[in-house]
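Engineer: The structure follows.
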Amino acid sequence: MSKTRANIASDQSKLDFSVRLMEHLVVPTFVLDAHCRVIIWNRACERLTGIKAGEVLGTSEHWRGFYEEPRPCLADLIAQRRTDEIESLYAEHDRHGSESQLALGRRAENWCVMPCAGTRLYLAIDAGPIYDDAGQLVAVVETLRDITAQKVAQDELQRLATRDGLTGVANRRSFDTALNTECRRVSREARALSLLMIDVDFFKRYNDTYGHLAGDECLRQVAEAMAQVTQRASDTLARYGGEEFAILLPATEPAGAVIVAERIRAAVEGLALPHARSDVGPHVTVSIGVASIDPASAAPPTELIGAADAALYAAKMQGRNRVVQAGAGEAAPSR
């Protein structure tokens, strides 16, 4: 009996030491019991979240440290065997998730608003279950790392890789990726896709007259004017090359694409940028070719580009500063 009591005392001592160790870890850590109640909220977690342990111990309100409204943390999803929801709740996550692998825990990343700390952080999150000798879940440990600086730097590198350095709109590589993606969607979702090919009229003459620095500024202003028209998150405005731009308009029928194109043409003309050597008028203008994919035909990307290019060529041949739709015999009227 005395030996049993000694073993119990020894186990309790080890448990107390483990709890104290976890409470003093420099890594923000909290522990939930099997019912998702907080049983440990260490000092590093207090500093990270702005919430004292006494405010959350014994409760299921740990979410307040990270979000403005109730939602499960990674530890909750593991405790409740709801790991199938991780993909919808976290920006990044590991891909394993079978029952046999659940004992290894899960890893995820997410932006957290940290309402009590008064800041917004991007956190790397690891959560793993703890089982007793009988295989029953007794707790889930979640650790947190602030990787906001790394995330911001990564996003900036990604932005630079996909943006045109002069105008700030998408670059040719990014456009090609978006075009292939949207063309696949046409087949899969049976929805229309339209493309505008846009060329600044007599731009070489503009450069020759005003200089390349003025030419760069002209392209920036033209790109900004077009961006003001194409504000849907699904639209892709890209610098296709030189003074040529391209705009992808998903879920846009031909008639709608012509309307957008005419708004763009008018917006650029409305900038009233002087162009003394333009044969069109006293200001910078653009010519636009419009082409669309019929969902029933599922044309390849090269066919869509070819049709828009042909329409753009027709717009130039018909006098520039106008919109021409592929397959249509006439240009949209200039105003």
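Nothing in this text is a laboratory measurement; each read-out follows from the coordinates by a stated rule. This one's a predicted model, so the numbers in the text were calculated from it and none came from an experiment. Neighbour counts are summed over all protein chains in view; Cβ atoms, including those assigned to glycine, are modelled from backbone coordinates with ideal geometry.
Engineer: Would you please name the chymotrypsin sites (Phe, Trp or Tyr not before Pro) within region 233-335 that are DSSP coil residues with at most 16 other C-beta atoms within 10 Å of their C-beta? Kindly include the intermediate steps, with their values, before the conclusion.
Structural biologist: Details: sites: Y240, F245, Y313; in loops: none.
Answer in residue order: no site qualifies.
Engineer: For the chain, set up a Gaussian network in which alpha carbons nearer than 10 Å are linked by springs, and say which option among S187, S174, S292 fluctuates the most.
Structural biologist: In this elastic network of the chain, the residue with the biggest mean-square fluctuation among S187, S174, S292 is S187.
Engineer: Would you check the chain for Lys pairs whose C-alpha atoms are within less than 29 Å, ignoring same-chain pairs closer than 8 in sequence, and give me the count?
Structural biologist: 4
Engineer: Scan around R163 for amide H atoms under 5 Å from its own, H built in the peptide plane at 1.01 Å from N, and keep only partners 5 or more places away or cross-chain.
Structural biologist: Amide H neighbours of R163: N171.
Engineer: Could you tell me, in Å, what Rg and Dmax come out for the Cα atoms of region 163-332?
Structural biologist: Radius of gyration, then largest Cα-Cα span, for region 163-332: 15.3, 49 Å.
Engineer: Suppose R0 equals 22 Å. What FRET efficiency, 1/(1 + (r/R0)^6) with r the Cβ-Cβ distance, do D146 and S88 give to the nearest 0.05?
Structural biologist: Step by step, r from the Cβ atoms, then E = 0.40.
Engineer: If you don't mind, another one. Report the trypsin sites (Lys or Arg not before Pro) located in region 41-92 that are in a DSSP loop and have at most 16 other Cβ atoms inside 10 Å of their Cβ, or state none.
Structural biologist: K52, R81, R82
Engineer: Now for a separate question. What are the ³J(HN,Hα) values, in whole Hz, obtained from phi via the Karplus relation 6.51 cos²θ - 1.76 cosθ + 1.60 with θ = phi - 60°, for each residue of region 75-86 in sequence order, with x given for Gly and Pro?
Structural biologist: For region 75-86, the Karplus-derived couplings read 4, 4, 5, 6, 4, 9, 6, 10, 5, 5, 8, 4 Hz, x marking Gly and Pro.
Engineer: At a 10 Å Cβ-Cβ cut-off, how would you order E87, E55, fewest neighbours first?
Structural biologist: Going from least to most buried by this count: E87, E55.
Engineer: Read phi for every residue in region 205-216 and hand back ³J(HN,Hα) as whole Hz from Karplus 6.51 cos²θ - 1.76 cosθ + 1.60, θ = phi - 60°, with x for Gly and Pro.
Structural biologist: Per residue, the Karplus-derived 3J(HN,Hα) values read 5, 4, 4, 5, 7, 10, x, 5, 5, 5, x, 4 Hz.
Engineer: If you wrap the chain's Cα atoms in a convex hull and average its projection over all directions, what's the area in nm²? Spell out each step's value before the answer.
Structural biologist: Working: hull surface 92.0 nm².
The directionally averaged projection comes out at 23.0 nm².
Engineer: Separation between the Y131 and R191 pseudo-spin-labels, each 7 Å from Cα along Cα→Cβ, expressed in nm?
Structural biologist: 4.4 nm
Engineer: Scan around I40 for amide H atoms under 5 Å from its own, H built in the peptide plane at 1.01 Å from N, and keep only partners 5 or more places away or cross-chain.
Structural biologist: Close amide H contacts, sequence-distant or interchain: V31.
Engineer: Given region 130-183 reduced to its alpha-carbon atoms as identical point scatterers, what log10 I(q)/I(0) does the Debye formula return at q = 0.25, 0.28 Å⁻¹?
Structural biologist: Debye output, listed in q order: -0.96, -1.02.
Engineer: For the residues L312, L21, L195, what sequence is obtained by ranking on other C-beta atoms within 10 Å, fewest first?
Structural biologist: L21, L312, L195
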